[in-house]
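Below is one structure; the comments refer to it alone.
Coordinate-derived values only; no laboratory data. The structure displayed is predicted, hence computed values, not measured ones. Cβ coordinates were reconstructed from backbone atoms using ideal geometry, including for glycine residues, and neighbour counts include every protein chain displayed.
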């Protein structure tokens, strides 16, 4: 009978621990640029935390995930060359943050790789680190003992007898580099402060997802006096409240796709380089990520079309026009940063009608013609460069 009671107690403890598992650390903010969580709310189920797409949560491996639509993290630094000697490769990777394992755009582009050469064809043996002797004990952290808590003193040691080698890397010292000891032989301190009762928790501040309720207490039972310490701990506590209602996630337009090829309305008819034969081309976009009664994307156009002439690769005369706009500075740092601009060759489209069809729709020109503006006048150039001065140093 006694053995059955022990077994029942063990089962209750195990079941209780199972019911508490599966929670995540929920945060009220998720930094999309850094992939970091901020403003921790507490531990809740992942589903409850992600009722708000602005929130984030930390997984068991310590990585912060977004509750919102999927987004890429920044690229990691390049790895070391994977061989110590000879030809090898280096890699870098990035991670897709988003709820439920949703994939980012171009999901296969998670890893990049470049060639490298290992430079350590002949290397010495690694040296493992060993501890130095302990230092003398430092002074106690306080001159008297606070109620229920004694001061401590500390001593240290360093992994320097010898230090582990760096190339090749040797094993570090095992164990702690510092040690604490209670100072139990000191007099007691004056009366320290003590906390009063907690106030009732505030109402839940959100109407969807999960929020944070607060309760406060004061250090006034008694207040610290005669040099006593203030109350240890926090004067504020929180708890998670859940509305059991998912916050709306509004739809977001994807980027327009590229314009498709300019095709004749008559199947099989070639209209390339023909001034009297027009066609049409189209592009499309999608309304993504809308759930839980979120707003649909503004506007109702999923596709666009326009009439066009196919001039791709067509030989066409032109005249030299104005300069194009300056490019961005490249590289975006350092003393070698420059920007460029090029002279525009204005193609002569005068042989084409400006509109197409009975509806007189304004025509576009599809493709890149083989333009010929001839040589520039003496002393003129087709491209200019300009230094970007006072650029910040490259990291």
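Put a dot 7 Å past each Cα toward the Cβ at residue 136 and residue 394; how far apart are the dots in nm?
5.2 nm
Which stretch or stretches of the range 220-238 have amide N atoms under 17 Å from the point lying 7 Å from residue 199's Cα along the Cα→Cβ direction?
220-221, 234-238
Of 113, 316, how do they rank once you tally other Cβ atoms within 10 Å and put the fewest first? Can you show the working numbers first?
Numbers: 113 13, 316 19.
Neighbour counts put them in this order, fewest first: 113, 316.
Quote the FRET efficiency, to the nearest 0.05, computed for residue 185 versus residue 165 with a Förster distance R0 of 51 Å and r equal to the Cβ-Cβ distance.
Numbers: r = 44 Å, r/R0 = 0.85.
About 0.70, to the nearest 0.05.
Among 317, 95, 110, which one moves the most in a GNM of the chain with springs linking Cα atoms closer than 10 Å?
It is 317.
Which one, 224, 267, 200, has the greatest fluctuation when you compute a Gaussian network model over the chain with C-alpha springs under 10 angstrom?
267
Going by how many other Cβ atoms sit within 10 Å of their own, how do 289, 188 line up, fewest first?
Going from least to most buried by this count: 188, 289.
What's the FRET efficiency of residue 156 with residue 82 using the Cβ-Cβ distance as r and R₀ = 35 Å, to the nearest 0.05?
0.40
Once every DSSP H run of n ≥ 4 in the chain is given -39500 (n - 2.57) and the sum is divided by its residues, what mean residue ellipticity at 222 nm do you get, rounded to the nearest 500 deg cm²/dmol?
One gets -2000 deg cm²/dmol as the mean residue ellipticity at 222 nm.
Largest first and to the nearest Å, give the Cα extent of the range 205-353 along each principal axis.
Principal-axis extents of the range 205-353 (Cα, largest first): 97, 50, 20 Å.
If you take semi-axes √(5λ) of the Cα gyration tensor in Å from the coordinates, which of (i) 36, 28, 19; (ii) 64, 31, 19; (iii) 65, 36, 24 do you get?
(iii)
Whole Å is fine, so just give me how far the alpha carbon centre of the range 321-384 lies from that of the range 76-91.
Centre-to-centre (Cα) distance: 42 Å.
Roughly speaking, what is the stretch gain from residue 384 to residue 362, that is 0.36 nm per residue apart minus the C-alpha to C-alpha distance, in nm to one decimal? Display every interim value, and only then the final one.
Working: separation 22, 0.36 × 22 = 7.92 nm, distance 3.40 nm.
Full-extension gain reported as 4.5 nm.
Taking the number of other C-beta atoms within 10 Å as the exposure measure, put 389, 249, 210, 71 in order starting with the fewest.
Least crowded to most crowded, the residues run 389, 71, 249, 210.
For the range 24-119, count all C-alpha to C-alpha pairs, find those more than 16 Å apart, and express that count as a whole percent of the total. Walk me through the numbers on the way to the answer.
Working: 2699 of 4560 pairs.
Every Cα pair in the range 24-119 considered, those over 16 Å come to 59 percent.
Run the numbers for residue 47 and residue 312: contour at 0.36 nm per residue of separation, minus the present Cα-Cα distance, in nm.
Working it through step by step, the gained length comes to 90.2 nm.
Over the chain, with a Gaussian network built from C-alpha contacts below 10 Å, which listed residue (283, 306, 155) shows the highest mean-square fluctuation?
Result for the chain, Cα springs under 10 Å: 155 fluctuates most.
Can you give me the C-alpha center-to-center distance between the range 236-265 and the range 139-199, rounded to a whole angstrom?
50 Å
Quick check: the angle from helix 2-20's long axis to the longest principal axis of the chain, C-alpha only, nearest 10 degrees?
Rounded to the nearest ten degrees, it is 40.
May I ask you to compute the full-extension gain from residue 252 to residue 110, defined as 0.36 nm times their residue separation minus their alpha-carbon distance, rounded to one decimal in nm?
My answer for the length gained is 48.8 nm.
Report the calculated FRET efficiency for residue 353 and residue 288 (r = Cβ-Cβ distance, R0 = 41 Å), to the nearest 0.05.
0.60
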